[in-house]
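S.K.: Just dropping this structure here.
The values are calculated or read from the model by the stated rules, or taken from the named source; none is laboratory data. It should be emphasised that the depicted structure is a prediction, and the values quoted were computed from it without experimental measurement. Here Cβ is always computed from backbone atoms with ideal geometry, including for glycine, and neighbour counts include all displayed protein chains.
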Amino acid sequence: MFAGRGGVGVKRMPSPHVKEMPKGCVECHTAKFEDEKEQVVEEGGHTFKASMNFCLKCHGDLYMRVPKLKLQVEKLLKQVEAMLKSTSDRESKAYKDAKLNYDLVKADHGYGFHNFGYAKALLEYSLSLREQLSDEQKPVSSRAAD
């Protein structure tokens with residue numbers, strides 16, 4: 001997600017933070033948490049729980065913005081999930097493309113936190129396939145009548 005690639009139907013969109021974070025993931029995912037039972041040393045350790053200290057250097061209002069952005073992505077995830085569940089033809093290209101994008105964003109476990117713009121674009125593209133998925137469910141004879 002951070003690199004902004006791997007999805008379908010959306011141009012490559014690396015996070016704007018790629019240039020600001022030369023160490024990539026370890027900028028946030030190698031941190032010491034004083035108040036946690038499971039501590040990770042400041043250098044060399046790894047955790048899936050990220051420290052927001054790096055973010056706060058530039059984004060003092062981060063704790064205000066992130067919940068709103070996550071809510072947007074969560075809403076889109078639910079819409080795509082509902083669309084996918086209502087689709088009977090799970091072998092179509094449109095279904096597979098929408099599912100790949102959904103799975104990519106869902107697997108991020110941060111509701112797009114690593115790259116909100118890319119996550120949102122992937123899910124919006126998936127939703128744009130709704131009509132194709134609906135058409136693929138119609139019998140061939142009724143498609144010709146449209």
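S.K.: Check segment 77-87 and report whether any residue there is acidic (Asp, Glu) and at pLDDT 80 or above. Give the steps one after another, and end with the answer.
M.R.: To start, the set of residues in segment 77-87 that are acidic (Asp, Glu) comprises 81.
Now restrict to residues that are at pLDDT 80 or above: 81.
Within segment 77-87, one or more residues are acidic (Asp, Glu) and at pLDDT 80 or above.
S.K.: Being part of a helix (DSSP H, G or I), surrounded by 14 or more Cβ atoms within 10 Å (Cβ to Cβ), at pLDDT 95 or above and of a type in the set (A, V, I, L, M): is that true of Leu69 here?
M.R.: Numbers: part of a helix (DSSP H, G or I): yes; surrounded by 14 or more Cβ atoms within 10 Å (Cβ to Cβ): yes; at pLDDT 95 or above: no; of a type in the set (A, V, I, L, M): yes.
Judged against the criteria, Leu69 is not a match.
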